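What follows is a set of notes on a single structure, which appears directly below.
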Amino acid sequence: QVRLVESGGGLVQPGGSLRLSCVVSGVIFSSNTMGWYRQAPGNQRELVATIQRTATDYADSAKGRFTISRDSAKNTVYLQMNSLKPEDTAVYYCYANVFGVRTWGQGTQVTVSS
C-alpha cells in the first residue's frame, strides 16, 4: 500500500518561494504518474503539475513559476514554487496513480500574504 506525506507549506510573502515535498512509502515506480493538486476555500480541487518518468505537465497558472521534480532514490516528489501570488493560496495535495488506484496525501497549507 502506498502512503504519501507532504511537507513544506507555510506562510510566504508575494514574490517569495516555497518547496513542497511528498515522501512516498510503499512500492512505486517512475512510470507511475504523480503530481500535485491544490484546493482553495470555496473552490474545486485543481491540477497543478504532474510527472511521469521525466515527462512533466503544468496548469497554465503554474507554467514558468512552478517546477515538479522527482528523486527516485529518496522516493520523493517536489514542487518548487517561485514568484508566488496571493491566488496561489490553497491546500496542496500530492497524489500517485499506482495500479489504477489514486492515492492522496493529507495536504499542506500554502498561504501567500503580506
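The values are calculated or read from the model by the stated rules, or taken from the named source; none is laboratory data. It should be emphasised that the depicted structure is a prediction, and the values quoted were computed from it without experimental measurement. So basically every Cβ, Gly included, is an ideal-geometry build from the backbone, and we count neighbours across all protein chains shown. When the accessible area is computed, the model is the full protein with side chains, heavy atoms only, and any ligands, DNA or RNA have been set aside. Shrake-Rupley method; radii C 1.70, N 1.55, O 1.52, S 1.80 Å.
Brief remarks on what is shown
- Picking from residues in the range 1-25 that are open to solvent by 40 Å² or more (accessible area, probe 1.4 Å) and not polar (S, T, N, Q), the one that is nearest to the chain's Cα centre (by Cα) is 19.
- Selection count, the range 77-99, where residues are surrounded by fewer than 22 Cβ atoms within 10 Å (Cβ to Cβ) and assigned to a helix (DSSP H, G or I): 2
- The set of residues in the range 100-114 that are part of a strand (DSSP E or B) and either farther than 16 Å from residue 27 by Cβ or open to solvent by less than 80 Å² (accessible area, probe 1.4 Å) (or both) comprises 103, 104, 108, 109, 110, 111, 112.
- For the range 59-76, a residue qualifies if it is of a type in the set (Val, Ile, Thr) and open to solvent by less than 30 Å² (accessible area, probe 1.4 Å), and the qualifying residues are 68, 76.
- Among the residues of the range 47-57, those that are under 11 Å from the mean Cα position of the chain (by Cα) and either open to solvent by 30 Å² or more (accessible area, probe 1.4 Å) or of a type outside the set (A, V, I, L, M, F, W, C) (or both) comprise 47, 50.
- From the list 25, 7, the one residue that fits, being hydroxyl-bearing (Ser, Thr, Tyr) and in contact with a Cys (Cβ under 9 Å, 6 or more places away or on another chain), is 7.
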